[in-house]
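Down below is the structure, laid out as structure tokens.
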Amino acid sequence: MPRFKHTAHRVSLTAMFAAMSLLFLYLASILPTMRISMYFLSSVFVMGLVLEEEIGLAFLMFAAVSLLSLLLMPNILRVVPYVLFFGQYGIFKYFIQKKIKDKIIGYILKLLYYNAALALMYLLAKEIIFEDVLNSSIAFWIIIIIAEAAFVAYDFAFTKVTSFYFNNIRRKLMKG
């Protein structure tokens, strides 16, 4: 059940979160460094709506941000990680945690989801996103281990940031 009684509040919060996601996606597409950090930051706003129990608005925001970013970003291949993984992850994580009570099975499902998204990103945008990785002298299995560790760190940070939002920022947004 949505927490907002007023449609204006729901729409304004969704628009604000969408704008912030687009801003961080734009930064991910133009900055030469910190790209993964920008993808991370773009992904937490969808989770903000999920935490407000606005699942439908979270889906709508993800779709709108994905479409707008594909239309507006200077390099649409830089949007692929958001569309295939980062933008959807908060919604996926919510459903996994809500439906799967066994934490180990839930984490395995999250890892499978991440690996499927990573494989799709690799196939769709390997020239842009993985160009440095493919040309490196590091063995491919080491890259896989690093990618898995990166997901564990991402999931941990994602959980901490969403907890911070829920426990601190949300109160300020709900005043009025």
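The values are calculated or read from the model by the stated rules, or taken from the named source; none is laboratory data. Owing to the predicted nature of the structure, the values given are computational and were not obtained by experimental measurement. So basically every Cβ, Gly included, is an ideal-geometry build from the backbone, and we count neighbours across all protein chains shown. What goes into the accessible areas is simple: the full protein's heavy atoms, side chains included, and nothing from ligands, DNA or RNA. Shrake-Rupley method; radii C 1.70, N 1.55, O 1.52, S 1.80 Å.
Cβ-Cβ contacts under 8 Å between residues 6 or more apart (or on different chains), taken from a first residue in segment 44-73 that is at positive phi to a second residue that is surrounded by fewer than 18 Cβ atoms within 10 Å (Cβ to Cβ), are listed as E53/M1; E53/P2; E53/R3. The single condition from (1) free of Cβ contacts under 8 Å to residues at least 60 places away in the same chain; (2) over 14 Å from the mean Cα position of the chain (by Cα) that L118 fails is (2). Answer yes if at least one residue in segment 82-104 is in a helix (DSSP H, G or I), open to solvent by less than 60 Å² (accessible area, probe 1.4 Å), charged (D, E, K, R) and free of Cβ contacts under 8 Å to residues at least 60 places away in the same chain, and no otherwise. For segment 82-104, residues in a helix (DSSP H, G or I), open to solvent by less than 60 Å² (accessible area, probe 1.4 Å), charged (D, E, K, R) and free of Cβ contacts under 8 Å to residues at least 60 places away in the same chain: absent.
Matching residues to (1) over 20 Å from S29 (Cα atoms); (2) modelled with pLDDT under 70; (3) within 17 Å of the chain's Cα centre (by Cα):
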{"residue": "L124", "(1), (2), (3)": "no, no, no"}
{"residue": "I129", "(1), (2), (3)": "no, yes, yes"}
{"residue": "D132", "(1), (2), (3)": "no, yes, no"}
{"residue": "S136", "(1), (2), (3)": "yes, yes, no"}
{"residue": "I146", "(1), (2), (3)": "yes, no, no"}
{"residue": "V152", "(1), (2), (3)": "yes, no, yes"}
{"residue": "D155", "(1), (2), (3)": "yes, no, yes"}
{"residue": "F158", "(1), (2), (3)": "yes, no, yes"}
{"residue": "T162", "(1), (2), (3)": "yes, no, yes"}
